[in-house]
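Trainee: Got a structure for you, written out below as structure tokens; questions coming shortly.
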Amino acid sequence: MRRILRSKATLVLMGTLIGFFTAELLTRLILPQIGWKQFKYDLLGWASKEYINFDPLNDNTPRNVKRVMVLGDSFLAGSGVSNLNQRFPVVLEKKYPSRIKVQILAAGAWGTDQELLAFIRKGRLWKPNLVIVAFCATNDLSDILNNIIWNGTVGKSYFTVDKSGNLKLFNPQGIIIGDTRDNFNPQKHRRIFQSYFLDLLRYVSYDRKMQYYRAQREKEHNMPIMAHKHNGFTILGDFTEEIDEEKTEFTWPIQNYATKSSAYIHEDFKVNRYQWKLLESILGKFKQETDSIGAYLVVMPLPVQEKVSDLRFVTGGEVKLRIRTPAGSFTFRVNEPVDRLKAICKRKGINLFDPTKEFVKIVEDRDLFLKCYPPDQDRYHFSYVAHEILAELLQKYLLRHPEFLKRQSTKLSDRKNYLYQN
């Protein structure tokens, strides 16, 4: 009897192990993006190792070397390149030997709100001369309304804005935050084995909880905020499927929600109007923070693709579509985010560097489309070739604005205990 029980237990154990490893293999094959893990990081929600390890209070940059800080999301964190030295800010630094020092603060899926918090927590303490905020139109606008990483079990803080343009900061559960100081304690993140399958189960469970808090926010603002199809737990979805097919009739009312395509909608629908107002207030706060340390601020829209493998749909292009939905029609403009950013920067007194049209011209003239957006890499990020072009264009922009690298940062009265006030 004992032998029989041991045999059955062995079979059950073997079956369980085989089932688990089969599920693990299938998850890794079908959903490899689960492995694009960010590390949990209190206020920001998550961050890259590069940001976590950055200590602005221990820096040996010579006084005569100008400091350039670039903030962004996955494009700046390294997605699409095989080496972090291939990112355009690093390439730019090599064009100014011993004259500038570049520091990148970026993480996959960061929105402009997290970039602002990253600058407040660490960036401003580095005392940069020039701060460049890279804007990714395909997700940055909707990211500022989200409260969860799109492929992880981590919630993020979020801002709200009132009618007067005043910002308030909340944690993922909707509790207001008043103190955003960073203690700069090193955080160790060692993981011997990462199970994609178990992470998948955790993602589903955690997303359901965050959906509850999001529903509370929607009730507060009296409008639907996030389209669950396109934010929160979207590992199984593809937000560009209808744009990719250039459909003129969508199956769902995209204009009623914050989605990956919100930045390209021309009309001021309720949610869209709120998104842009919130972004304007966040960029306005960015300007206040950079002004307070004597740094220049530049907003830089990136040449990202709303429709994959089509240069006409790179941000800044001229494509314009009229699309019907169950809730009515709207206008999809590839150049919409750049035009909106120009208007915001003009109102806020922020410098705008728009490389998109010149970038597209270089790609066309040099026949570099497949090299910039290689079909054998991930669908949404451009390659090192595109980074080299952006570095070239950014250098030309800085040559037209030599004052950006001459202005001295002011000294903070209390660097370690700087307190962000809402």
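The numbers here are math on the coordinates, done by the rules we state, and not lab data. Predicted, not measured: the structure shown is a model, and the values here were computed from it. When we count neighbours, we look across all protein chains shown, and the Cβ atoms used for this are built from the backbone with ideal geometry, even at glycine.
Trainee: Rounded to the nearest 0.05, what FRET efficiency do Leu399 and Asp268 have when you use their Cβ-Cβ distance and R0 = 22 Å?
Mentor: Efficiency, from the Cβ-Cβ distance: 0.05.
Trainee: Okay, moving on. What list of ³J(HN,Hα) values in whole Hz, one per residue of the stretch 289-299 in order, does the Karplus curve 6.51 cos²θ - 1.76 cosθ + 1.60 (θ = phi - 60°) give from phi, with Gly and Pro shown as x?
Mentor: Per-residue couplings from phi come out as 5, 5, 4, 5, 10, x, 9, 7, 10, 10, 9 Hz.
Trainee: Got the relative contact order for the stretch 1-125 handy, in percent, Cα pairs under 8 Å and 6 or more residues apart? Could the numbers behind the result be given before it?
Mentor: Values: 116 pairs, mean separation 33.6, N = 125.
Computed over the stretch 1-125, the figure is 27 percent.
Trainee: So, by mean Cβ neighbours within 10 angstrom, what's the order for 104-115, 392-403, 120-131 with the highest one leading? Walk me through the intermediate numbers first.
Mentor: Details: 104-115: 25.9, 392-403: 14.6, 120-131: 23.3.
For the peptides 104-115, 392-403, 120-131, the packing ranking is 104-115, 120-131, 392-403.
Trainee: What's log10 of I(q)/I(0) for the stretch 1-131 at q = 0.09, 0.17, 0.20 Å⁻¹, Debye sum over Cα points only, no solvent?
Mentor: Values returned for q = 0.09, 0.17, 0.20 Å⁻¹ are -0.43, -0.93, -1.16.
Trainee: So what's the net charge close to Val299: Lys and Arg +1, Asp and Glu -1, counting the other residues with Cβ under 10 Å from its Cβ?
Mentor: Summing Lys/Arg as +1 and Asp/Glu as -1 gives +2.
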